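Reading through the structure tokens given below for one structure.
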Amino acid sequence: MIFVAGQGHPGGDLSAADIVASLYFDILRIDPKSPDAPERDRFILSKGHCTGALYSALAGAGFFPEAELDTYLQPGSRLNGHPNRNYLPGVETNTGPLGHGFPVGVGVAVAGQIDGADYRVFVLTGDGELQEGSMWEAAMFAGHRGLGNLTVIVDRNRLQQGARTEDTNSLEPLANKWRAFGWDVVEVDGHDHEALLAAFDEAAEPRDKPRVLIANTFKGQGVSYMRDQAGWHHGVPDAEQYAQAIAELEAELRA
């Protein structure tokens, strides 16, 4: 998609791909034939620039034809660089500016708590996004409300645009910071599907506080020249790099 479009964020798409796939194909209670069903689980991509992963999952889950992925970022396409709920079924809220999606997710979880609804809210954030103050305001309020219907996944690839998170504005000790705001914390390998599914299953248990999964990942996972490289936060492979990336990813799928 990014190669054809000539733009995109491949590093973050690949670090989040296993998380997004686990949610859409094993965890979320959703129905593409009824995308606005009141009882549906809600997923919010707070790191809204990583639409390659989101749109691939939505298409694979049946929310729109997979052939439409070929229009990614093209003029007039519904597949914008940032997700837009007014254009595309399955998108819960418009995101892109960092620090916005998670607070919306907290609001949705509060609404469910007030209504006594049994839907769950899942929010995927980037770790660089946690440098925004609005994220910690939302975390503090969610802990105060005891939002047991809320699960946040931190894509902890330790890279952001141009640099490492710890060199830009250190997040550690990250787990203890969430605990201090009243959250259950689970640390998990964000590329291990079995570990992710087990962590999501635990998150489904009745509880009286929100839960955060700190998913340890690598930016550009699965493509050797992208892996753990800040320069691939955004960028477009040339024809030779594209062929290499596809070959490596297909080899991993066969392994």
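The values are calculated or read from the model by the stated rules, or taken from the named source; none is laboratory data. Just so we're clear, the structure is a prediction, and the values are computed from it rather than from any experiment. Note that we place each Cβ from the backbone using ideal geometry, even for glycine, and neighbour counts take in every protein chain shown. Areas reflect the complete protein model, heavy atoms only, side chains present, ligands, DNA and RNA absent. Shrake-Rupley method; radii C 1.70, N 1.55, O 1.52, S 1.80 Å.
Observations on the model:
- Taking the numbered list (1) in a helix (DSSP H, G or I); (2) open to solvent by less than 50 Å² (accessible area, probe 1.4 Å); (3) under 16 Å from Gly90 (Cβ atoms) in turn, Ile19 passes all entries but (3).
- Subset of the stretch 31-49 (residues that are buried (at least 24 other Cβ atoms within 10 Å of the Cβ) and of a type in the set (Ser, Thr, Tyr)): Ser46
- Within the stretch 191-208, the set of residues being open to solvent by less than 20 Å² (accessible area, probe 1.4 Å) and either basic (Lys, Arg) or at pLDDT below 95 (or both) comprises Ala199, Phe200, Ala203.
- Applying the criterion of being more than 19 Å from Leu124 (Cα to Cα), open to solvent by less than 50 Å² (accessible area, probe 1.4 Å) and not in a helix (DSSP H, G or I) to the residues of the stretch 229-255, the residue that is modelled with the lowest pLDDT is Gly235.
- Scanning the stretch 149-164 for residues that are part of a strand (DSSP E or B) and basic (Lys, Arg) yields Arg156, Arg164.
A quick yes/no check of all residues on (1) assigned to a strand (DSSP E or B); (2) crowded, with 23+ Cβ neighbours inside 10 Å; (3) in contact (Cβ under 8 Å) with a residue 12 or more places away in the chain; (4) touching a Ser or Thr at 6+ places or on another chain (Cβ under 7 Å):
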site	(1), (2), (3), (4)
Met140	no, no, yes, no
His144	no, no, yes, no
Leu147	no, yes, yes, no
Glu166	no, no, no, no
Ser170	no, no, no, no
Asn176	no, no, no, no
Arg179	no, no, no, no
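- Residue count for the stretch 94-116, restricted to those that are in a loop (DSSP other than H, G, I, E, B) and open to solvent by 40 Å² or more (accessible area, probe 1.4 Å): 5
- The listed residues are Leu58, Leu54, Leu14, and the only one of them that is on the phi < 0 side of the Ramachandran plot, in a helix (DSSP H, G or I) and touching a strand residue (DSSP E or B) at 6+ places or on another chain (Cβ under 7 Å) turns out to be Leu54.
- Output for the stretch 209-228, where each listed residue is among the aromatic types (Phe, Trp, Tyr), over 26 Å from Val121 (Cα atoms) and either surrounded by 18 or more Cβ atoms within 10 Å (Cβ to Cβ) or touching a Ser or Thr at 6+ places or on another chain (Cβ under 8 Å) (or both): none
- Qualifying residue in the stretch 101-111 (condition: under 20 Å from Trp183 (Cβ atoms) and touching a Leu at 6+ places or on another chain (Cβ under 6 Å)): yes
- If the condition is being open to solvent by 30 Å² or more (accessible area, probe 1.4 Å) and touching a residue at least 60 places away in the same chain (Cβ under 8 Å), then the stretch 50-73 contributes Asp70, Leu73.
- Boolean, Gly133 is farther than 22 Å from Pro35 by Cβ, open to solvent by 10 Å² or more (accessible area, probe 1.4 Å) and not acidic (Asp, Glu): yes
- A single entry from Arg207, Arg254, Arg211 fulfils the requirement of being among the charged types (D, E, K, R), out of contact with any helix residue (DSSP H, G or I) (no Cβ under 7 Å at 6 or more places or on another chain) and either touching a residue at least 40 places away in the same chain (Cβ under 8 Å) or under 21 Å from Gly6 (Cβ atoms) (or both): Arg207.
- If you go through the stretch 21-41 and pick out every residue that is in contact (Cβ under 8 Å) with a residue 40 or more places away in the chain and under 16 Å from the mean Cα position of the chain (by Cα), you end up with 7.
- Residue within the stretch 81-93 that is assigned to a helix (DSSP H, G or I) and either at pLDDT below 95 or surrounded by fewer than 17 Cβ atoms within 10 Å (Cβ to Cβ) (or both) present: no
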